[in-house]
Amino acid sequence: MLKNKTNLKIVRPYLFSFFVTLILVLFSCSKTEKFDGYVTTAGTGTDELKIAVVKGTPYEMGHQLGVLLKDDIDSCLSGFLSYAQKEAPEIYSNEQLDMAWETNLPHIDSRVVEEMKGMADGSGIDLKLIQRSHMIPVISSYACSGVAVWGKNTENGHTYQIRNLDFTMGAGLQDHPLVVIYVPDNGSPHANVTFAGYIGSHTGMNANHLVFGEKGQSPMSEYPYNINGVHFSFLFRTLMYDAGSLDDVLNTIRNTTLIKRYFLFFSDGNQETQGGAKVLVSSPDAVKYTIWKDNDPGDIVAPDILPNTIYYTMDNRTAYYLLNQYQGQFDEQKMIEISRAVADKGGNLLDVVYDATALEMWIAYANGSEDASGQQYVHVPMNDYITKAGIKY
């Protein structure tokens, strides 16, 4: 008996030590896996832009953005709302924007709503400010440009797309450039090329090699718009999470109640499913949408159609000339040339050139009152940031 008691006294310290070590290891692993997000920069001088990398649930990613970019978000969204209310106080009053939010809310992806809540909690910024600023584009009219080329029309067989955002520069959005790299727990990693605090999307790309762009077509003569449906800025975020191919994108379009009038541009950089599509959304009409793909003789730009190409820009004559001139030669530099050539001079806020195949972007924001098209297009290798966050694509 004494022998057994002695053995127990010897074993118990080892068991205690073992459990303490196990707890420390588990705690250490849990701490290592926690991802708080981070902000870095690309470009230099007046062309420098912030890149935020966030990971987790929608709420957690919003919270990370709020913590990391509190002052930038507050300044950007407050300035945007103040400018809109000064320019058109009746259209953009708090009451009108709140009504727009309540009308549009049932159609907004719940993941976006959760991200807004996380951003508000992480930053301490009033959630109402975030919601109201996101309604400004929903009830506004603006113009833009889109072009995509792919396969045999490019020098390396990749898919390239441009997205020019021609929108007011008076609100100072260009002072808060931001690319958000999202690495969600569920859904595809994706990049939103945006402004601090604006988590809807005017353009972006997901890790499934899909690019999303738009051109506004809603005249102010149709104001007030029927917004009882999905606005493209929230549609894009849904597609960034969920779409794996161009077919997925177009099937979603066919089964979604869209609002207003605009052109949507989508391209697929996967070698097996490579291509592009242009969609004219015209929800006030009997025909709610029209889809054109490669070299469609019924395309709205016919007869100026070209193989492995879709486009509609602020200057279609110039676009067609350059697209025809560079057939089979396109790379990022020639796409930048087109982006600059068709920009709306005096109101060109943001330009992006995408290589959907390589998951790369070249981005230019306006500088003060100087158009984005006159700035350097900063290289952002999206895939590098996804890989650093622990995801391989």
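Residue 112 versus (1) of a type in the set (A, V, I, L, M, F, W, C); (2) modelled with pLDDT of 95 or more; (3) within 30 Å of residue 316 (Cβ to Cβ): which is the lone unmet condition?
(3)
Could you give every pair whose Cβ atoms fall below 9 Å, whose first residue belongs to the range 118-134 and is without any contact (Cβ under 8 Å) to a residue 40 or more places away in the chain, and whose second residue is of a type in the set (D, E, K, R), counting only separations of at least 6 or pairs across chains?
Correct list of pairs: 127/117; 127/121; 128/98; 131/98.
Which residue is farthest from residue 123 (Cα to Cα), if the candidates are limited to the range 170-199 and must be of a type in the set (A, V, I, L, M) and touching a Ser or Thr at 6+ places or on another chain (Cβ under 6 Å)? Let's see the steps before the verdict.
First pass over the range 170-199, keeping only residues of a type in the set (A, V, I, L, M): 171, 173, 178-181, 183, 191, 193, 196, 199.
Now drop any that are not touching a Ser or Thr at 6+ places or on another chain (Cβ under 6 Å), which leaves 178, 193.
Numbers: 178: 16, 193: 20 Å.
This residue is 193.
For the range 212-256, name all the residues that are hydroxyl-bearing (Ser, Thr, Tyr) and either under 19 Å from residue 292 (Cα atoms) or free of Cβ contacts under 8 Å to residues at least 12 places away in the same chain (or both). Talk me through it step by step, then tell me what you get.
If we filter the range 212-256 for residues that are hydroxyl-bearing (Ser, Thr, Tyr), which is where we start, we get 218, 221, 223, 225, 233, 238, 241, 245, 252, 256.
Of everything in the range 212-256, those that are hydroxyl-bearing (Ser, Thr, Tyr) and either under 19 Å from residue 292 (Cα atoms) or free of Cβ contacts under 8 Å to residues at least 12 places away in the same chain (or both) turn out to be 221, 245, 252, 256.
Can you tell me which residues in the range 361-393 are touching a Phe, Trp or Tyr at 6+ places or on another chain (Cβ under 8 Å), touching a residue at least 24 places away in the same chain (Cβ under 8 Å) and not in a loop (DSSP other than H, G, I, E, B)?
Once the filter is applied, which keeps residues that are touching a Phe, Trp or Tyr at 6+ places or on another chain (Cβ under 8 Å), touching a residue at least 24 places away in the same chain (Cβ under 8 Å) and not in a loop (DSSP other than H, G, I, E, B), the range 361-393 yields 361, 362, 363, 364, 372, 378, 379, 380, 383, 386.
State whether one or more residues within the range 52-59 are surrounded by fewer than 17 Cβ atoms within 10 Å (Cβ to Cβ) and either modelled with pLDDT under 95 or farther than 26 Å from residue 350 by Cα (or both).
Going through the range 52-59, the residues surrounded by fewer than 17 Cβ atoms within 10 Å (Cβ to Cβ) turn out to be 57.
Applying the additional criterion that residues be either modelled with pLDDT under 95 or farther than 26 Å from residue 350 by Cα (or both) yields 57.
Yes, the range 52-59 has at least one match.
For the range 197-207, enumerate the residues that are crowded, with 23+ Cβ neighbours inside 10 Å and more than 25 Å from residue 313 (Cβ to Cβ).
Result: 197, 199.
Sort out which residues of the range 264-287 are charged (D, E, K, R) and under 20 Å from the mean Cα position of the chain (by Cα), and write them in order of number.
Across the range 264-287, the qualifying residues are 268, 278.
When residue 172 is evaluated against the numbered criteria (1) crowded, with 19+ Cβ neighbours inside 10 Å; (2) under 24 Å from residue 101 (Cβ atoms); (3) modelled with pLDDT of 95 or more, which criterion, by number, is the only one it fails?
(1)
Among the polar types (S, T, N, Q), in contact with a helix residue (DSSP H, G or I) (Cβ under 8 Å, 6 or more places away or on another chain) and more than 16 Å from residue 197 (Cβ to Cβ) - does that describe any residue in the range 117-134?
Checking the range 117-134: not a single residue is among the polar types (S, T, N, Q), in contact with a helix residue (DSSP H, G or I) (Cβ under 8 Å, 6 or more places away or on another chain) and more than 16 Å from residue 197 (Cβ to Cβ).
Starting from residues that are of a type outside the set (D, E, K, R) and under 24 Å from the mean Cα position of the chain (by Cα), keep the ones in the range 288-307 and report whichever is surrounded by the fewest Cβ atoms within 10 Å (Cβ to Cβ).
Filtering the range 288-307 for residues that are of a type outside the set (D, E, K, R) and under 24 Å from the mean Cα position of the chain (by Cα), the one surrounded by the fewest Cβ atoms within 10 Å (Cβ to Cβ) comes out as 291.
Tell me whether the range 314-323 contains one or more residues that are surrounded by 19 or more Cβ atoms within 10 Å (Cβ to Cβ) and on the phi > 0 side of the Ramachandran plot.
Among the residues of the range 314-323, not one is surrounded by 19 or more Cβ atoms within 10 Å (Cβ to Cβ) and on the phi > 0 side of the Ramachandran plot, which makes the answer no.
Would you be able to tell me the number of residues in the range 265-280 that are surrounded by 24 or more Cβ atoms within 10 Å (Cβ to Cβ) and part of a strand (DSSP E or B)?
Counting residues in the range 265-280 that are surrounded by 24 or more Cβ atoms within 10 Å (Cβ to Cβ) and part of a strand (DSSP E or B) gives 6.
Of everything in the range 297-336 that's under 21 Å from residue 371 (Cα atoms) and aliphatic (A, V, I, L, M), which residue is modelled with the lowest pLDDT?
314
For the range 310-348, what are the residues that are touching a helix residue (DSSP H, G or I) at 6+ places or on another chain (Cβ under 6 Å) and in contact (Cβ under 8 Å) with a residue 40 or more places away in the chain?
Listed by number, the residues that qualify are 311, 313, 338, 342, 343, 348.
Condition first: in contact with a His (Cβ under 6 Å, 6 or more places away or on another chain), outside any loop (DSSP other than H, G, I, E, B) and of a type outside the set (Ser, Thr, Tyr). Can you find one or more residues in the range 125-139 that meet it?
Within the range 125-139, one or more residues are in contact with a His (Cβ under 6 Å, 6 or more places away or on another chain), outside any loop (DSSP other than H, G, I, E, B) and of a type outside the set (Ser, Thr, Tyr).
A quick yes/no check of all residues on (1) over 23 Å from residue 351 (Cα atoms); (2) basic (Lys, Arg):
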{"site": "220", "(1), (2)": "yes, no"}
{"site": "245", "(1), (2)": "yes, no"}
{"site": "254", "(1), (2)": "yes, yes"}
{"site": "258", "(1), (2)": "yes, no"}
{"site": "262", "(1), (2)": "no, no"}
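The values are calculated or read from the model by the stated rules, or taken from the named source; none is laboratory data. None of the values given here were measured: they were computed from a predicted structure. Virtual Cβ from ideal backbone geometry, glycine too; neighbours counted across all protein chains shown.
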